[in-house]
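Undergrad: Provided herewith is a single structure, encoded as structure tokens, for subsequent inquiry.
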Amino acid sequence: EVEGRAEGEDEDSAIAVADAPLEEAKKHTGESAMAAALREPERQIIEAKLKAERVKGSCLKWNAKGFGFLARDDGKDDVYVNQRELHKDGFCLLMEGEPVEFEMGIMEDGRPHAVRVTGPGGAEVRGQKRRWE
């Protein structure tokens, strides 16, 4: 019996099961299953290093369409953020200058962005109302 294969399972069906997630990735990204498989471990390592600590900063600029940029307190490059990453119920706009904490993530195209954005100490962000509300 080969490790990782159920008793009575032939090699072809074991390979098909193992390749299923890769084929799913190929459908959504258009890249080959092999390319996706080779990139994923590298991406996971980079994300693990970036997520190791919470970053403090403030909202530098916010667009009413639901995205903006955060200035990091450590002086490193500003970071893109989408409203989906904000710790607050419903559609939210950050106030410029609002203090935040966040983790770094990598978008599918390889660019960095802020994830799990909260107010100081993990509280909900204060945000602001939409101009039309």
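The values are calculated or read from the model by the stated rules, or taken from the named source; none is laboratory data. These numbers come from a predicted model, not from an experiment. Here the Cβ is made from the backbone with ideal geometry for all residues, glycine too, and neighbour counts use every protein chain on show.
Undergrad: Output the number of residues of region 62-99 satisfying the condition of being modelled with pLDDT of 85 or more, part of a loop (DSSP other than H, G, I, E, B) and among the small types (Gly, Ala, Ser).
TA: The qualifying residues number 3.
Undergrad: Something else about it: Hey, could you check region 51-61 for residues that are assigned to a loop (DSSP other than H, G, I, E, B) and of a type in the set (D, E, K, R) and say which is surrounded by the fewest Cβ atoms within 10 Å (Cβ to Cβ)? Give the steps one after another, and end with the answer.
TA: Taking region 51-61 first, the residues assigned to a loop (DSSP other than H, G, I, E, B) are 51-54.
Narrowing the set further to residues that are of a type in the set (D, E, K, R) leaves 51, 53-54.
Details: LYS51: 14, GLU53: 9, ARG54: 14.
Checked region 51-61; the qualifying residue surrounded by the fewest Cβ atoms within 10 Å (Cβ to Cβ) is GLU53.
Undergrad: While we're looking at this one, here's another question. Please specify each residue of region 81-95 satisfying the condition of being out of contact with any Leu (no Cβ under 8 Å at 6 or more places or on another chain), under 14 Å from TRP62 (Cα atoms) and surrounded by 12 or more Cβ atoms within 10 Å (Cβ to Cβ).
TA: So in region 81-95, the residues out of contact with any Leu (no Cβ under 8 Å at 6 or more places or on another chain) come out as 82, 84-85, 87-91, 93, 95.
Still in the list and also under 14 Å from TRP62 (Cα atoms): 82, 84-85, 91, 93, 95.
If the condition is that a residue be out of contact with any Leu (no Cβ under 8 Å at 6 or more places or on another chain), under 14 Å from TRP62 (Cα atoms) and surrounded by 12 or more Cβ atoms within 10 Å (Cβ to Cβ), then ASN82, GLU85, PHE91, LEU93, MET95 are the ones that fit.
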